[in-house]
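Colleague: My questions will all concern the structure given below.
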Amino acid sequence: MLYETPALTSEDTRVLQEIEAARSDLRHQVHNTPAKWTAGLRKFLAADAIAASNSIEGFKVSTIDVEDLMAGERDVDVTEENREETLAYQRMMTYIQSLHDAPGFDYSTGLINALHWMLQGHRHSPRKPAGQWRRGPVYVTDTRDPSIAAYTAPDASLVPGLMEELVGWLDADDATSPLIRAAMAHLHLVSIHPWADGNGRMSRSLQTLLISRDGTLAPEFSSIEAWLGRPGNTWEYYAVLARRGAVYRPDQDVAEWIRFNLTAYHQQAQAVRARLGRSNQVWILLEEFARQRGLDERMVTALHDVAVSGRVRRSRYEAAEGLSVQQAQRDLRDMVTAQVLTPVGKTRARFYTVGPAFPGPPLELARTPFSLADPYRGDI
């Protein structure tokens, strides 16, 4: 038995309508923005989602380091464990993103276990098999006292049946909003806890898959994993789940979970819209700066990375502009000579950050924080 999807209140309906309108506006904004301007933001948002979801599980890698790892950089100052977890999550999310418009797509237990293997295959062991349902009990321990089980998942013998029921539910065609279904899919999977490890990230990833399959926005703009990874939101995330009880009780009302997710969707849409608008404005300012300084237009890509993310590496700039190694090195050397950029580190580990001649206005704009409104408090 799975949780029943609760009926929406009038407030929930209003918030959902605002979310759908914001997502539609974002889609229009993205389609009318030069792809070159949005490419960096897409990569940032993908990296931010991976960094945030991994951080919830205790794997701490900054967004900019995740971006570098995703770009194939080897000389990134992270532990080997964090590197493996980041790259595994990237591989799985890359596949999930590719499924957003896959023809003939359907859900299956095989697909879900394959996604789990992509995430956990590097940790596969007889005790914690990857891509296979667990064979024993599993507990979520209390963050304040690991000797206490905050949640005990259903008996292992029930998992195959529950997962078949979940797959049937996922493939069912009903009139429920895709965003609500995505939130419920997350709750179903995290409550069943079908694997020995990796359940939290898999549940968040399944939600991302359902949102992206809706087709309104590209997957990079759709995930709420970055929102969930903010410390205060992570605490509330665990608290809302904890209030579902210490054991699996699918007969209860889960309206609170829906409200929590609607808030997440709304605020994530606000954040992406703010980032997109700010990123575009920074690009325009940097284009003007490049013209004034006689810099090649392509150098704006490197300058934009530095303004928005804090640094740029030669390999990322080279890939973004389709340059040879020599061309990228020459451009970066010219920007260092002009004191626009400052090199940090040596040889392969080198990256470039703000130089003394880097323009102030785009940097100030990129670093100005934005605020998020709570859609249920009427302060929007």
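Colleague: What residue, among those in the stretch 323-344 that are in contact (Cβ under 8 Å) with a residue 40 or more places away in the chain and under 33 Å from the mean Cα position of the chain (by Cα), is farthest from Val306 (Cα to Cα)?
Modeller: Only one residue fits best here, namely Met335.
Colleague: Sort out which residues of the stretch 220-274 are charged (D, E, K, R), under 14 Å from the mean Cα position of the chain (by Cα) and assigned to a helix (DSSP H, G or I), and write them in order of number.
Modeller: Glu220, Glu225
Colleague: Residues of the stretch 325-342 being exposed (fewer than 15 other Cβ atoms within 10 Å of the Cβ) and in contact with a Ser or Thr (Cβ under 9 Å, 6 or more places away or on another chain), which ones?
Modeller: Once the filter is applied, which keeps residues that are exposed (fewer than 15 other Cβ atoms within 10 Å of the Cβ) and in contact with a Ser or Thr (Cβ under 9 Å, 6 or more places away or on another chain), the stretch 325-342 yields Val325, Val336.
Colleague: Based on this model, can you work out whether Phe260 counts as in contact with a Pro (Cβ under 7 Å, 6 or more places away or on another chain) and modelled with pLDDT of 95 or more?
Modeller: Details: in contact with a Pro (Cβ under 7 Å, 6 or more places away or on another chain): no; modelled with pLDDT of 95 or more: yes.
Considered against the rule, which asks whether it is in contact with a Pro (Cβ under 7 Å, 6 or more places away or on another chain) and modelled with pLDDT of 95 or more, Phe260 comes out as no.
Colleague: Next question. Scan the stretch 205-218 residue by residue and report those that are in contact (Cβ under 8 Å) with a residue 60 or more places away in the chain and either assigned to a loop (DSSP other than H, G, I, E, B) or under 9 Å from the mean Cα position of the chain (by Cα) (or both).
Modeller: Once the filter is applied, which keeps residues that are in contact (Cβ under 8 Å) with a residue 60 or more places away in the chain and either assigned to a loop (DSSP other than H, G, I, E, B) or under 9 Å from the mean Cα position of the chain (by Cα) (or both), the stretch 205-218 yields Ser205, Thr208, Gly215, Thr216, Leu217, Ala218.
Colleague: When you scan the stretch 282-305, how many residues do you find that are touching a residue at least 60 places away in the same chain (Cβ under 8 Å) and more than 13 Å from Leu341 (Cβ to Cβ)?
Modeller: 3
Colleague: So how many residues does the stretch 302-357 have that are over 23 Å from Lys36 (Cα atoms) and hydrophobic (A, V, I, L, M, F, W, C)?
Modeller: Here the count works out to 5.
Colleague: Given (1) assigned to a loop (DSSP other than H, G, I, E, B); (2) in contact with a helix residue (DSSP H, G or I) (Cβ under 8 Å, 6 or more places away or on another chain), identify the lone condition not met by Glu164.
Modeller: So the condition that Glu164 fails would be (1).
Colleague: Moving on to the next point. Quick check on my filter: what residues within the stretch 272-297 are touching a Phe, Trp or Tyr at 6+ places or on another chain (Cβ under 9 Å) and either under 25 Å from Leu69 (Cβ atoms) or among the polar types (S, T, N, Q) (or both)?
Modeller: Answer for the stretch 272-297, where residues must be touching a Phe, Trp or Tyr at 6+ places or on another chain (Cβ under 9 Å) and either under 25 Å from Leu69 (Cβ atoms) or among the polar types (S, T, N, Q) (or both): Val272, Arg275, Leu276, Arg278, Ser279, Asn280, Trp283.
Colleague: State the number of residues belonging to the stretch 1-30 that are surrounded by 14 or more Cβ atoms within 10 Å (Cβ to Cβ), over 17 Å from Ala183 (Cα atoms) and hydrophobic (A, V, I, L, M, F, W, C).
Modeller: 3
Colleague: Here is a follow-up. Any residue at all in the stretch 128-144 that's exposed (fewer than 12 other Cβ atoms within 10 Å of the Cβ) and part of a helix (DSSP H, G or I)?
Modeller: For the stretch 128-144, residues exposed (fewer than 12 other Cβ atoms within 10 Å of the Cβ) and part of a helix (DSSP H, G or I): absent.
Colleague: A further question follows. Only one of (1) at pLDDT 95 or above; (2) surrounded by 23 or more Cβ atoms within 10 Å (Cβ to Cβ); (3) of a type in the set (A, V, I, L, M, F, W, C) is not met by Ile224, so which one is it?
Modeller: Ile224 satisfies all of (1) at pLDDT 95 or above; (2) surrounded by 23 or more Cβ atoms within 10 Å (Cβ to Cβ); (3) of a type in the set (A, V, I, L, M, F, W, C) except (1).
Colleague: From (1) more than 30 Å from Ser371 (Cα to Cα); (2) acidic (Asp, Glu); (3) surrounded by fewer than 19 Cβ atoms within 10 Å (Cβ to Cβ), pick out the condition that doesn't hold for Glu236.
Modeller: (1)
Colleague: Considering only the stretch 92-117, how many residues are assigned to a helix (DSSP H, G or I), surrounded by 13 or more Cβ atoms within 10 Å (Cβ to Cβ) and modelled with pLDDT of 90 or more?
Modeller: Residues meeting the conditions: 13.
Colleague: I'd like the residue in the stretch 31-82 that is acidic (Asp, Glu) and in a helix (DSSP H, G or I) and, out of all such residues, is surrounded by the fewest Cβ atoms within 10 Å (Cβ to Cβ). Steps first, answer last, please.
Modeller: Let us first name the residues in the stretch 31-82 that are acidic (Asp, Glu), namely 48, 57, 65, 67-68, 73, 75, 77, 80-81.
From the residues that got through so far, the ones that are in a helix (DSSP H, G or I) too are 48, 65, 67-68, 80-81.
Details: Asp48: 23, Asp65: 19, Glu67: 25, Asp68: 26, Glu80: 7, Glu81: 11.
Step by step, filter the stretch 31-82, then rank; the result is Glu80.
Colleague: Still on this structure, I have one more. Assess whether Gly161 counts as being small (Gly, Ala, Ser), free of Cβ contacts under 8 Å to residues at least 12 places away in the same chain and farther than 27 Å from Leu276 by Cβ.
Modeller: In short, yes.
Colleague: Need pairs with beta-carbon distance below 7 Å; first residue under 17 Å from Thr86 (Cα atoms) and within the stretch 38-51, second crowded, with 24+ Cβ neighbours inside 10 Å and acidic (Asp, Glu); sequence gap 6+ or separate chains.
Modeller: Every condition considered, the pairs that remain are Lys43/Glu67; Phe44/Glu67; Ala47/Glu67; Ala49/Glu225.
Colleague: So Ser371 fits all but one of (1) surrounded by fewer than 17 Cβ atoms within 10 Å (Cβ to Cβ); (2) touching a residue at least 60 places away in the same chain (Cβ under 8 Å); what number is the exception?
Modeller: (2)
Colleague: Another question about this same structure. Out of curiosity, is Trp195 out of contact with any Leu (no Cβ under 9 Å at 6 or more places or on another chain) and surrounded by 20 or more Cβ atoms within 10 Å (Cβ to Cβ)?
Modeller: Yes: the conditions hold for Trp195.
Colleague: Same structure, new question: May I ask you to verify whether Glu85 is within 15 Å of the chain's Cα centre (by Cα) and part of a helix (DSSP H, G or I)? First the steps, then the outcome.
Modeller: On the way: within 15 Å of the chain's Cα centre (by Cα): yes; part of a helix (DSSP H, G or I): yes.
It is true that Glu85 is within 15 Å of the chain's Cα centre (by Cα) and part of a helix (DSSP H, G or I).
The values are calculated or read from the model by the stated rules, or taken from the named source; none is laboratory data. Since the model is a prediction, treat every value here as computed from it, not as a measurement. Positions of Cβ are generated from backbone atoms using ideal geometry, with glycine treated the same way; all protein chains shown enter the neighbour counts.
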